[in-house]
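The values are calculated or read from the model by the stated rules, or taken from the named source; none is laboratory data. None of the values given here were measured: they were computed from a predicted structure. Glycine also receives a Cβ, built like all others from the backbone with ideal geometry; neighbour counts cover every protein chain displayed. Each accessible area value is taken on the protein alone, full model and side chains, heavy atoms only, with ligands, DNA and RNA left out. Shrake-Rupley method; radii C 1.70, N 1.55, O 1.52, S 1.80 Å.
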Amino acid sequence: MAQLIPVETFDLVIFGGTGDLAMRKLLPALYHRDRDEQITGDSRIIATSRGSLSRESYLSRVEEALRRNLGEGEFDEAHWQRFAQRVHYVAANALDHEHWEDLVELLGVADQRVRVAYLATAPSLFGPIALGLKSNGLISESSRIVLEKPLGRDLASAREINDAVGACFAEDQVYRIDHYLGKETVQNLLALRFGNSLFEPLWRRSAIDHVQITVAEDLGVGGRVEFYDRVGALRDMVQNHLLQLVCLFAMEPPSSLEQNAVRDEKIKVLRSLKPISAEAVQTSTVRGQYSAGAIGGETVAGYLDELESKESSTETFVALKLEIENWRWSGVPFYLRTGKRLRSKHSEIVVQFQDVPHSIFPEQEFNVRPNLMRIRLQPDEGVQLTIMAKEPGPGGFDLRPVSLDLSFAETFGIRYPDAYERLLMEVLRGNTALFMRRDEVEAAWRWVDGIIDSWATSRQKISSYVAGSWGPADASSLLDRDGRSWKPEN
Ligand code: BG6
């Protein structure tokens, strides 16, 4: 395991401290980091919410959430007792700054330390909370603010939020989370590309035929259905997670891992994305919505049943063909797809290399096939390279694709930390490299807004797909048209 460096003493205020994100992700992540002694001194975790709870009743919620959300055998009674000492609760209504006395008092006793406000709330509260922190004198040079996605629902609303937060915090104090950037395997993309000299000469149009990025989920929208219905897969997943994967895959080598070096390269990719016009949108994008089906032997309801509605034009699946207009990638399509209630939880990047220029082998069932590189993001994180090999035997020259397969879990044999563990530590260390800069978020919205506008202009239809499949048939046609197919195949 990499060396764990303790972080400076801090106060971390979680707005939305009783919410799902805090209970399912943030507190378990902090518990793990505390257990590994990265959290030191009398650092405090201060949860706030609109209601008014006693510290005891908040702690019993946290204990219950940790027991439920930590991995098997990870809850330790003795450690919980120590961790609980760090956890405080104060009521603070985001829209009522004048009554934040309890928060002001609690923070006031340690006003020199690193102070982080984590906004695990609806984005409409980001501006008001930033203002509340400012008007209550709670912002100093060592303050930071963390914004959870979604950051708006289009470019205009993202700008509004960024302006409101920017009126209170300097840009280098703002940490916009995309939790994919905290995933070990996503960071491994950097290691793969820039820690090896083997791949760089191949990482370009002259060697790569196309790239596929799949982020498939087997879960439906569950309890978030009302929220989700206003958002859809393009805004929920493509605008952030998938585009970040595209950026890390496609960017030029940064000169270092310094905060802005990587972000400067990512923004260039976002700015090079070819807009998808109203004419192109029908052939370059597919929208889908799941109907009832079965996953892992269990029947599951369709989206409209979950929504308890007869109709909705929200997509729970999107597939699209993206093009990057620069020297490295011109002419190399990137096919992206993501959706809910697909066959399994499965995220990977597949790189298909060019065909050999001329085959010297006789035509037969397994003629030379293009090499594939699969970068598996979840589950079973790893890298697989498919190459052609000769089948053993004295007669003929039969070729077969075989795999060089690396599983990170087997190689390193340790628990993979959750993305939030890494990201929270980066915030506390003051390193913004794994967070989205304002210009990045806005560039991503600009491109996504173009697609949403084109969908509206061309009245793009929604194709139904059965839960438990790989998405609508139209998603296959997207690649068929170019003589290609999804891997794994639809
Ligand atoms: C979130 C989306 O950002 O990412 C969810 O809002 C989605 O809809 C989730 O389920 C997927 O994250 P992960 O880490 O499970 O791939």
Inset, instruction - Measure nothing but the geometry: give the 0 to 90° angle between the long axis through the Cα atoms of 419-429 and the longest principal axis through the Cα atoms of the chain, rounded to 10°. - result: 50 degrees
Legend entry - D (Stokes-Einstein, µm²/s), Kirkwood Cα radius, the chain, 0.890 mPa s at 25 °C: 101 µm²/s
Legend entry - Sparse-neighbourhood loop sites, trypsin sites (Lys or Arg not before Pro) in the range 339-421 - DSSP loop, at most 15 other Cβ within 10 angstrom: 345, 415
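If you take the alpha carbon radius of gyration of the range 140-206 and divide it by 2.2 N^0.38 Å, what ratio comes out, to two decimals?
Taking the Cα Rg and dividing by 2.2 N^0.38 Å, one obtains 1.59.
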Legend entry - Farthest positive-ward along the range 312-450 dipole, Cα basis, beta-carbon charges - from 342, 402, 386: 342
Legend entry - Cross-link pairs beyond the 24 Å C-alpha cut-off, checked among 274/461; 183/268; 183/340; 25/268; 274/340: 25/268; 274/340
Legend entry - Degrees between helix 126-135 axis and first principal axis of the chain (Cα, 0 to 90, nearest 10): 30 degrees
Inset, instruction - Compute the FRET efficiency between residue 5 and residue 194 as 1/(1 + (r/R0)^6), taking r as their Cβ-Cβ distance and R0 = 22 Å, and round to the nearest 0.05. - result: 0.50
Legend entry - Contour minus Cα-Cα distance for residue 67 and residue 439 (0.36 nm per residue): 130.0 nm
Inset, instruction - Report the residues of the range 50-84 in range of a label on residue 96: point 7 Å along Cα→C-beta, backbone N strictly under 11 Å from it. - result: 50-52
Legend entry - FRET efficiency, residue 84 to residue 431 (Cβ-Cβ, R0 30 Å, nearest 0.05): 0.60
Inset, instruction - Just check the range 399-490 against the gyration tensor rule for me: Cα atoms, a ≥ b ≥ c as the square roots of the eigenvalues, rounded for a/c under 1.5, and otherwise prolate or oblate depending on whether a/b exceeds b/c. - result: oblate
Inset, instruction - Check each of the chymotrypsin sites (Phe, Trp or Tyr not before Pro) in the range 202-261 and keep only those in coil by DSSP with at most 13 other C-beta atoms within 10 angstrom; list them in order. - result: none
Inset, instruction - Enter the angle in degrees (range 0 to 90, nearest 10) between the Cα long axis of helix 55-69 and the first principal axis of the Cα atoms of the chain, meaning the one along which they spread out most. - result: 20 degrees
Inset, instruction - Run a plain Debye calculation on the range 220-276 (Cα atoms as equal point scatterers, no solvent) and give log10 I(q)/I(0) at q = 0.23, 0.24, 0.26, 0.29 Å⁻¹, rounded to two decimals, same order as the q list. - result: -0.87, -0.91, -1.00, -1.15
Legend entry - Per residue solvent-accessible surface (Å²) - the chain, probe of 1.4 Å: 45 Å²
Inset, instruction - Express the carbon and sulfur contribution to the solvent-accessible surface of the range 151-192 as a percent, rounded to the nearest whole number, probe 1.4 angstrom. - result: 52 percent
Legend entry - Rounded if a/c under 1.5, otherwise prolate or oblate - the range 337-382, Cα gyration tensor axes: prolate
Inset, instruction - Give me the percent of the accessible area of the range 298-423 that comes from carbon and sulfur atoms, probe 1.4 Å, all protein chains in place. - result: 52 percent
